[in-house]
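The values are calculated or read from the model by the stated rules, or taken from the named source; none is laboratory data. Everything numeric here is computed off the predicted structure, so don't read it as measured data. All Cβ positions, even for glycine, are placed from backbone atoms using ideal geometry, and neighbour counts span all protein chains on display. SASA here: full protein model, heavy atoms, side chains in, ligands and nucleic acids out. Shrake-Rupley method; radii C 1.70, N 1.55, O 1.52, S 1.80 Å.
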Amino acid sequence: MKAATATAPGKIILLGEHAVVYGRPAIAAPVWEATARVTVQDASPGSGCTIIAHDLNLTLRLTQHDSHALDKSEPLLFLLRMVLAELDMHEEPDWTIHIRSSIPIASGLGSGAAISVAFVRAVSKRLGRQIEDKVVSDLVYETEKLYHGSPSGIDNTVITYGLPVWFVKGRKPLMFKTDGSIMIVIGDSGVPAPTKKSVADVANAWRQARDRYDAIFDEVGEIVAQSKPAIETGNIVQLGRLFDRNQSLLEEIGVSSPILNRLILAARKAGAWGAKLSGGGRGGNMIALVDPRRRQNVEQSILSAGAKRTIVTDIGGRSVD
Ligand code: PMV
């Protein structure tokens, strides 16, 4: 029996969330310490296609007689149909597709996009074909819209390319080089927070006070611009200050929360260079930039302040081919 497997990383937004929806730049990085894995296995002839998402306790079936070709009610079936069409495969395959993921769900680490990227690549691998990165990212963006409304596209981009990315909505993403250790402790608040809701709240507030919000987004854009050389040269002291400034502006637009503020303060007190929320906010994750020697102190401090768990990643030292 033939089988094909593909893996994709989780992600964090380092700087620029929310402002990125309004055309300002943002920087995101992959998190290889939490991944999604998809395996496509041949099943007996005529059995159709079954998708099993093990961590979600979810089983979906696509059969020969299924005629809802454009039905978007189930994102994974929609994605499967799109990939098969992209690969000119017009017969429904007899497969069992297994999905496993160690990326926490609905916490801003890109679990949906990571599953989708691994899914597209496992299916194309099983068919002995390769889909270029831009097309993978575009296909995954279509399912992201089903989960999030009108996302900026940063999640599917950083997860597809698997490298730190400078992202401006609607423009070609720029992968860039990092230097030295850039160690990040991710703290999970344990509070699920749908990005769709915080993005909609920011949009309402922006409509009511456009000039004020545009000025904040401009300032975020400048912070992101200053962060790029700091990341490229491994200037973590400067980057830490920029994290803190970005966090103040995220608090101003109302997307932080008491638990996130508590975890961020705990990280700073334990010696982090800087700390901020990451992603949609209100709950989900915060990130702290740490010196490797202070990593344990910072993790301990975040956990004592109420984090449900921590993940440590180092986005430094990865280069673009
Ligand atoms: O919650 P996440 O990690 O999916 O990130 C959302 C980032 C936002 O800028 C708030 C929304 C977006 O679509 O970019």
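Results, tabulated for the structure shown:
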item: Distribution of pairwise C-alpha distances over region 135-208, 10 Å bins, in %; result: 16, 35, 37, 11, 0
item: With every protein chain in place, region 174-259: carbon and sulfur % of accessible area (1.4 Å); result: 53
item: Probe 1.4 Å - accessible area at Asp201, Å² to nearest ten; result: 50
item: Candidate residues Met286, Met89: accessible-area rank, largest first, probe 1.4 Å; result: Met89, Met286
item: GNM result for the chain, Cα springs below 10 Å: residue of Gln238, Gln208, Gln226 fluctuating most strongly; result: Gln208
item: Computed accessible area, Glu17, all protein chains, 1.4 angstrom probe, square angstrom; result: 10
item: Length gained when the stretch Thr59-Ile105 is fully extended (0.36 nm per residue, less Cα-Cα span); result: 14.8 nm
item: Segment Asp201-Asp218, length gained on full extension (0.36 nm per residue, minus Cα span); result: 4.2 nm
item: On Cα atoms only, tilt of 111-126 relative to the major axis of the chain in degrees; result: 40
item: Helix 75-86 axis, angle to the chain major axis (alpha carbon atoms, nearest 10°); result: 60
item: Environment charge of Ile154, counting only residues whose C-beta is closer than 11 Å and scoring Lys/Arg +1, Asp/Glu -1; result: -1
item: GNM flexibility winner over the chain from Ala26, Ala36, Ala203 (Cα, springs under 10 Å); result: Ala203
item: Between 0 and 90°, nearest 10: helix 195-208 axis offset from the chain longest Cα axis; result: 50
item: Within straight-line cross-link reach of Lys134, aspartates and glutamates at Cα separation under 20 Å, skipping those fewer than 8 residues along the same chain; result: Glu86, Asp88, Glu142, Glu144, Asp155, Asp321
item: Residues of the chain: accessible area per residue with a 1.4 Å probe, Å²; result: 43
item: Most fluctuating residue given options Leu60, Leu79, Leu260, as computed from a GNM of the chain linking Cα atoms under 10 Å; result: Leu60
item: Radius of gyration and maximum dimension Dmax of the chain, Cα, Å; result: 20.0, 61
item: Lysines whose Cα lies under 19 Å from that of Lys196, excluding same-chain neighbours fewer than 8 positions away; result: Lys11, Lys72, Lys145, Lys169
